[in-house]
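Notes to accompany the following structure.
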Amino acid sequence: MKETLDFKNIGLRGVKVADTRISDVDGEKGILVYRGFNVTELAQFSTFEEVSFLLLNDHLPTREELKDFQSELISERGVPEAVLKCLKMMPGATGSMDVLQAAIPILASYDPQLREETKEANLKKAVRIIAKLSTLVAAWNRIRKGLEPFPPRPDLTHAGNFLFMLTGFLPDPETARDFDICLILHSEHSFNASTFAGREVASTHAHLYASIAAAIGALSGELHGGANRQVMEMLLEIEEVNRVQSWVSERLQKGGKIMGMGHAVYHTEDPRAAILRRICERMADRFRDRRWCELSKAIEAATQKEFRRLKGKEIYANVDFFSAPVYHMMGIPKDLFTPVFAISRISGWSAHIIEEKFAEAQPKPELYRPDADYIGNYCGLQGCEYIPVEERSS
Ligand SMILES: CC(C)(COP(=O)(O)OP(=O)(O)OC[C@H]1O[C@@H](n2cnc3c(N)ncnc32)[C@H](O)[C@@H]1OP(=O)(O)O)[C@@H](O)C(=O)NCCC(=O)NCCS
C-alpha cells in the first residue's frame, strides 16, 4: 500500500529515509563514528586502508585480512591505458571533477565483473575503484599539462603513493601520514548529498560505477565537496591577516557565505575540523610557514564573531575549512581539492552503495521515489488547451 504523508520537508533536513550500519553523526555533541568506531580514534591509530576495509566489511581487519586488502589495493592501482588515452583527448581546461565523473563509466567497461551483482563481486569492484580513483586524479594532473602520468609505486601507502603520483617526489613520512589522516577524515559521513545520490542511483539496480559517477557529480557542487576549493580561493583573495576582519564583515553583511563554515548537521564543532586544524598547525611548524594556517584561523575567528553579532548564533568550521590550507601546503593544486575529497569518500560511497544494493540494514521499498506538490499551470482536469505553434500569438 502506498503511504502518503501530509507534511512536506523541503530539502529533506532531518527526514530519515533509511537505516544504516555504516556511520553515525551526532550533530549536537560533535561525534562521528564509522561502524561504531570514533573517527578521532581512527584518525589517531588507523590508516586509510584499514578504515576502507572497516567501512566495506563492518569489522576491523585481522592482521592477515589487512595484509590481503592492502595487497589487493596495490595490485589494482593501475588504470587501463585506454582510459588514460580518453583523458588525453579531453581539453586541458576541463573541470577536474568533470574529468573524474566522465572517467568512471569508461573504467567500468574494463571491470571484468561489471554486471555480476553478488555482494562478493561488488566488494571486489569497490576495491578496484578505490585503488584506481587516486591514480586517475594524479594522472589527470599530469595529462592536462601534456606530461605522462607517473606509474603507481607498489612500495608506498595509498596516501604516500597518491602524493608521489601527483608530484613525482617522495613525500616525507610525516606529510604522507598527515594526508593519510585527511583521507580517513573524509572517507565517510552518513547520508550527505553525494552518498544519498549514490544510494539513490543504486536503488534502481544500476551498477556500482553508475552510482559512483552520480555521487561524484553531487560532490562537485560548492555547497558540498566544492567548498574546500572555494576556501582556498578565499585565502588567496584575502592574503593578509590584517584584511580578514573587513573582508568577512562585508561578506556577511551582504548576505554572502563564508565557505568552509557552517554545517547542515553539526551545531557544534565538527570533530574532523578540530583534527584538520591540528594538522594545519603541525604542517605550518614543519614547513616553517605559518601564513596559511594563521590566515585560516583569523577567518574562522572573524566569522564566528561577526555571526554572533549579526545573527546571535554560533557557527563552526566544517571539514572543508582547514583541508584547504593543509592541501595547499601539501602541494595539491586547488582545483584538485574536490577530486581529493572524492578519492577518500569513495570508500564510504562504495560501502553505502553495497548496503543499499543488498538491503543490509533493513528491508525497504527498492526504489527511492519521493513525491512533490505540483504548483505549475492548472487548467482543470482536462489539461490546458494545446494550440499549435503557428497559431500561438505569444
Ligand atoms: C553547509 C551549509 C549549506 C549548511 O546550511 P544550513 O543547513 O542552511 O545551515 P543553518 O541552518 O545552520 O544556517 C543558519 C543560517 O546561517 C547561515 N549560514 C550558514 N552557513 C553560513 C556560512 N558559511 N556563511 C554565511 N552564512 C551562513 C544560513 O544562510 C542561515 O541563514 P538564515 O538563518 O538567515 O537563513 C551552509 O553552512 C553553507 O553554505 N556553508 C558554506 C559551504 C560549505 O562550507 N559547505 C561544505 C559543507 S561540509
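The values are calculated or read from the model by the stated rules, or taken from the named source; none is laboratory data. Keep in mind it's a predicted model, so treat the numbers as computed, not measured. Cβ placement follows ideal geometry from the backbone for every residue including glycine, while neighbour counts extend to all protein chains displayed. Quick note on the areas: whole protein, heavy atoms, side chains included, nothing else; ligands and nucleic acids left out. Shrake-Rupley method; radii C 1.70, N 1.55, O 1.52, S 1.80 Å.
Please identify which residues in the range 116-141 have an amide N closer than 14 Å to a label point set 7 Å out from the Cα of Ala102, following the Cα→Cβ vector.
Counting only backbone N, you get 140-141.
Sorting Leu12, Leu183 by accessible area (1.4 Å probe), largest first, what list results?
Descending accessible area places them as Leu12, Leu183.
The range 24-150: D in µm²/s via Stokes-Einstein (Kirkwood Rh, Cα pairs, 10 °C, 1.306 mPa s)?
Translational D for this selection: 96 µm²/s.
State whether the range 111-173 is rounded, prolate or oblate according to the following rule on the C-alpha gyration tensor (a ≥ b ≥ c being the square roots of its eigenvalues): a/c under 1.5 gives rounded; otherwise a/b larger than b/c gives prolate, and the remaining case gives oblate.
Verdict is oblate for the range 111-173.
Given H placed on each backbone N at 1.01 Å, which residues far from Ile31 in sequence or on other chains put an amide H within less than 5 Å of it?
Asp26
Take each of the peptides 95-103, 205-213, 107-115, average the number of other beta-carbon atoms within 10 Å over its residues, and list them starting from the highest.
Going by the mean number of other Cβ atoms within 10 Å, highest first, we get 205-213, 95-103, 107-115.
Please give the contour-minus-distance gain from Glu239 to Arg286: 0.36 nm per residue of separation, less the Cα-Cα distance, rounded to one decimal in nm.
14.8 nm
Is the chain rounded, prolate or oblate when judged by the Cα gyration tensor, a ≥ b ≥ c being the square roots of its eigenvalues, rounded requiring a/c under 1.5 and prolate requiring a/b larger than b/c?
Note, shape of the chain comes out rounded.
Rounded to the nearest whole Å², what accessible area per residue is found for the chain with the 1.4 Å probe?
With the other protein chains kept in place, the chain gives 49 Å² per residue.
Can you figure out the FRET efficiency of Glu269 with Leu60, using R₀ = 30 Å and their beta-carbon distance, to the nearest 0.05?
0.70
Please give me the summed charge of the neighbours of Asp26: other residues whose Cβ is under 14 Å from its Cβ, Lys and Arg +1, Asp and Glu -1.
-2
Let me cross-check Lys85: its accessible surface, 1.4 Å probe, with only protein heavy atoms counted, in Å² to the nearest 10?
Accessible area, nearest 10 Å²: 130 Å².
In Å, what Kirkwood hydrodynamic radius results for the range 139-290 from the alpha-carbon pair distances?
It is 18.4 Å.
Sum up the charges of everything whose Cβ sits under 14 Å from the Cβ of His263, counting Lys and Arg as +1 and Asp and Glu as -1, but leave His263 out.
-2
Would you work out what percent of the accessible area of the range 157-227, with all protein chains in place, is carbon or sulfur (probe 1.4 Å)?
It is 65 percent, rounded to a whole number.
Got a sec to turn the phi values of the range 302-316 into Karplus ³J(HN,Hα) couplings, 6.51 cos²θ - 1.76 cosθ + 1.60 with θ = phi - 60°, whole Hz, x for Gly and Pro?
Karplus values, whole Hz, x for Gly and Pro: 5, 5, 4, 5, 5, 4, 4, 5, 7, 10, x, 10, 8, 9, 10.
To the nearest 0.05, what FRET efficiency results for Cys384 and Lys254 with a Förster distance of 56 Å applied to their C-beta separation?
Efficiency, rounded to the nearest 0.05: 0.85.
When each pair of different Cα atoms in the range 172-242 is counted once in the 1/r mean, what is the Kirkwood radius in angstroms, to one decimal?
14.3 Å
May I ask you to work out the translational diffusion coefficient for the range 203-355 at 25 °C, viscosity 0.890 mPa s, via Stokes-Einstein with Rh from the Kirkwood sum over Cα pairs, reported in whole µm²/s?
It diffuses with D of about 150 µm²/s by this estimate.
Could you run the Karplus curve 6.51 cos²θ - 1.76 cosθ + 1.60 with θ = phi - 60° over the range 121-129 and give me ³J(HN,Hα) per residue in whole Hz, x for Gly and Pro?
Once rounded to whole Hz, the list reads 5, 5, 5, 5, 4, 4, 4, 4, 6.
Please calculate the 1.4 Å probe accessible area of Phe69, with all protein chains present, and give it to the nearest 10 Å².
We get 10 Å² for Phe69.
Compute the relative contact order of the chain as a whole-number percentage, counting only Cα pairs closer than 8 Å that sit 6 or more residues apart in sequence.
Relative contact order comes out at 22 percent.
If you take every residue apart from Ala284 with its C-beta less than 11 Å away from the C-beta of Ala284, what net charge results, scoring Lys and Arg +1 and Asp and Glu -1?
+4
How high is the FRET efficiency between Gln113 and Lys29 when r is their beta carbon distance and R₀ equals 35 Å, given to the nearest 0.05?
E(calc), rounded to 0.05, equals 0.30.
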